[in-house]
Amino acid sequence: MSESHSRVAIVTGAARGIGAAIAKRLSSDGFAVGLLDLDESACAAGAEAITAAGGRAVGVGLDVSDAAGVEAAVDRVAAELGAPTVLVNNAGITRDNMLFKMTEQDWDSVLGVHLRGSFLMSRAAQKHMIDQKWGRIVNLSSTSALGNRGQANYSAAKAGMQGFTKTLAIELGKFGVTVNAIAPGFIVTDMTAATAERVGMGFEDFQKAAAEQIPVRRVGRPEDIANLASFLVSEDSSFISGQVVYVAGGPTD
Ligand code: CAA
């Protein structure tokens, strides 16, 4: 990889699950990593684990839907690690409910974290990428973008992430910045564990039932997503932009 640009990545929602796995993987790939999450202590712990393994990292607590907090967090990563040229917009929440029972708060909070959060983070980070004429943005969509019962808010947000991705790819391409989306299927995380609990199933049984519907006959792991994120932020992916890659163990429609 060319060394003319800084190798500093920001991963949102990095305290747990897919975000934590991506942060760890990007550190092994040689990036200094800013781990951002609502929970300052959880992302500090992730940053300490990376540091203990010989990497460079900082944990920063913030709400990605808060504009001032986002600016401060990106500034802090830039000051402590260097200018961020990679951004992974992974922070996400679910507030599942049938449409007729979905509250305005359920709608606003899900759209706020995914779409407003990714917009604010991308706007704050892109200036560092433009300055260096190199950058990578990876947005986390989901198979739910194709529709999923009980997820009117989440599926709208995850479909929105795809349009956001394509537009940023068009705007930022001439500055050496690629923008792509990863759309995971069933991944073993606290989020899917909470879904199992909500529908009254043990997590093991829930995973087994999900695996039976997946062509490769297994559920996904956070590392399955981190593997693709690693490629999409690498030099080797420089002619891939504006794409949505489903990582779901099979075709999705
Ligand atoms: N007006 C009045 N009644 C209505 C109605 C309407 N517009 N629409 C539906 N109803 C009724 C139905 O007829 C049904 O009534 P009956 O029970 O009398 O038949 C009732 O409302 C709904 O009953 P359910 O038991 O089906 O619904 P629920 O409210 O208990 O829960 C659910 C439904 C929210 C979908 C719940 O099953 C759930 O949370 N499922 C999981 C959702 C899911 O897959 N989430 C993924 C999370 S993981 C993730 O998101 C990661 C990723 O990226 C893939």
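The values are calculated or read from the model by the stated rules, or taken from the named source; none is laboratory data. Bear in mind the structure is a predicted one, so any value in this text is a computation, not a measurement. Neighbour counts are summed over all protein chains in view; Cβ atoms, including those assigned to glycine, are modelled from backbone coordinates with ideal geometry. Heads up: the accessible areas ignore ligands, DNA and RNA and are worked out on the full protein's heavy atoms, side chains in. Shrake-Rupley method; radii C 1.70, N 1.55, O 1.52, S 1.80 Å.
Some points to look at:
- Scanning the stretch 20-39 for residues that are part of a helix (DSSP H, G or I) and under 17 Å from the mean Cα position of the chain (by Cα) yields 20, 21, 22, 23, 24, 25, 26, 27.
- Helices (runs of 4 or more DSSP H) within the stretch 175-253 that include 2 or more residues within 16 Å of the chain's Cα centre (by Cα): 190-198, 222-232
- Yes/no for residue 148 being closer than 20 Å to residue 25 by Cβ, assigned by the TED database to the domain that holds residue 20, open to solvent by 10 Å² or more (accessible area, probe 1.4 Å) and within 16 Å of the ligand (Cβ to nearest atom): no
- Among the residues of the stretch 225-253, those that are open to solvent by 30 Å² or more (accessible area, probe 1.4 Å), farther than 13 Å from residue 139 by Cα and among the hydroxyl-bearing types (Ser, Thr, Tyr) comprise 238, 252.
- Evaluation of residue 154 against (1) over 15 Å from the mean Cα position of the chain (by Cα); (2) part of a helix (DSSP H, G or I); (3) near the ligand (Cβ under 10 Å from one of its atoms) (one fails), failing number: (1)
- Check on residue 203, open to solvent by 20 Å² or more (accessible area, probe 1.4 Å), farther than 24 Å from residue 109 by Cα and either within 15 Å of the ligand (Cβ to nearest atom) or not aliphatic (A, V, I, L, M) (or both): yes
- Considering residues of the stretch 157-168 that are open to solvent by 40 Å² or more (accessible area, probe 1.4 Å) and hydrophobic (A, V, I, L, M, F, W, C) only, the residue farthest from the ligand (Cβ to nearest atom): 164
- Selection from the stretch 9-61 of residues that are buried (at least 24 other Cβ atoms within 10 Å of the Cβ) and on the phi > 0 side of the Ramachandran plot: 13
- Looking only at the stretch 96-143, residues that are more than 15 Å from the chain's Cα centre (by Cα) and either within 11 Å of the ligand (Cβ to nearest atom) or in a loop (DSSP other than H, G, I, E, B) (or both) come to 11 in all.
- Within the stretch 169-193, if we keep just the residues that are open to solvent by less than 40 Å² (accessible area, probe 1.4 Å) and of a type in the set (Val, Ile, Thr), the residue that is nearest to the ligand (Cβ to nearest atom) turns out to be 192.
- The stretch 215-245, residues that are in contact with a Phe, Trp or Tyr (Cβ under 8 Å, 6 or more places away or on another chain) and among the small types (Gly, Ala, Ser): 220, 237
Each row is one residue, and each column tells you yes or no for (1) of a type in the set (D, E, K, R); (2) in contact with a helix residue (DSSP H, G or I) (Cβ under 8 Å, 6 or more places away or on another chain); (3) closer than 30 Å to residue 152 by Cβ; (4) not assigned by the TED database to the domain that holds residue 160.
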position: 22; (1), (2), (3), (4): no, yes, yes, no
position: 30; (1), (2), (3), (4): no, no, no, no
position: 35; (1), (2), (3), (4): no, yes, no, no
position: 39; (1), (2), (3), (4): yes, no, yes, no
position: 53; (1), (2), (3), (4): no, yes, no, no
position: 56; (1), (2), (3), (4): yes, yes, no, no
position: 105; (1), (2), (3), (4): no, no, yes, no
position: 120; (1), (2), (3), (4): no, yes, yes, no
position: 139; (1), (2), (3), (4): no, yes, yes, no
